[in-house]
1. I want to check the label-to-label distance for M94 and R120. Put each point 7 Å from Cα in the C-beta direction and report it in nm to one decimal.
2. Could you calculate the FRET efficiency of D75 with R28 from 1/(1 + (r/R0)^6), where r is the beta carbon distance between them and R0 is 41 Å, rounded to 0.05?
3. Quick check on the exposure proxy: order E19, E50 from fewest to most C-beta atoms within 10 angstrom.
4. Cα atoms only, the chain: Rg and Dmax in Å?
5. Under the √(5λ) rule applied to the eigenvalues of the Cα gyration tensor, what semi-axes describe the equivalent ellipsoid of the stretch 45-86? Give them in Å, descending.
6. From the phi of every residue in the stretch 81-91, what ³J(HN,Hα) in whole Hz does the Karplus formula 6.51 cos²θ - 1.76 cosθ + 1.60 yield, where θ is phi - 60° and glycine or proline is x?
7. Counting helices only, and only those DSSP H runs with n ≥ 4, report the 222 nm mean residue ellipticity of the chain as the sum of -39,500 (n - 2.57) divided by its residues, in deg cm²/dmol to the nearest 500.
8. Across 5 Å bins from 0, what is the distribution of all Cα-Cα pair distances for the stretch 54-132, in whole percents?
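All of the numbers you see were taken from the coordinates with simple rules; none came from a lab. Only a predicted model underlies this, so the values are computations on that prediction, with no experimental measurement involved. Neighbour counts run over all protein chains shown; Cβ positions are idealised from the backbone, glycine included.
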Amino acid sequence: MARELSFWSLVVLVAVAMELWAMLLHGRLWHGVLWFAHRSHHTPRRGWLEFNDAFAALHALVAMGLIIGGLELLDGQIQLVAVAVGVGMSVFGMAYFTVHDGLIHGRLPVAFLARWSWLRRIRNAHLVHHQRDAAPYGLFLGVWELRRQQALAKKS
C-alpha cells in the first residue's frame, strides 16, 4: 500500500511540476533561442503538424524511455521513481495536448470542454499569449500569471 501511495504521489507531483517546467522552457527558450521552431505555433498552421510539435515529441520520448526503461531495466525503488516520473510526464502531456491543442487550437474535437469556466479562463489567457507573443507562458497557470502581471502593474 505504501509503495502504491508513493508511486501515485510522485506521479501527481511530476505532473504538477511539468507545468512549471513548461513555463520555464516556454518563456526562456521557446521565445528565446528556440524561437525558430516555436514560431510555427504563432503563425497559421499548414496541415496537421507544425515544427513546434517537436518539443512535445521530445518530452514524449523521454517519458516513454523512463517508463519502458524503468519496467525493463530497473528494479526496486529506482524502478518506481523512473516509471512514476514517466507516467507523471505523460499525464501532464495528455492534459496539455487535450486543453492546448484540442480546446484552444482546435486540433481535437473537444470544444465541449469550454463548458467549464476555468477551462475557458485558461483558453482566454493562452489567447492573450498569442496576441502579445509574450507572457503568460504557462498554460494551466496562465490565468495566475496574468493576474500577477495586473497586480504588479497596479503597484507601479
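1. About 2.7 nm separates the two model spin labels.
2. The formula returns an efficiency of 0.65 here.
3. Least to most surrounded, the residues fall as E19, E50.
4. For the chain, the Cα radius of gyration and maximum Cα-Cα distance read 17.3, 55 Å.
5. Value: 30, 7, 5 Å, ordered largest first.
6. Values per residue, Gly and Pro as x: 5, 4, 5, 4, 5, x, 5, x, 4, 5, 4 Hz.
7. -21000 deg cm²/dmol, from helical runs alone.
8. The percentages, shortest bin first, are 3, 15, 18, 17, 13, 12, 9, 7, 4, 0.
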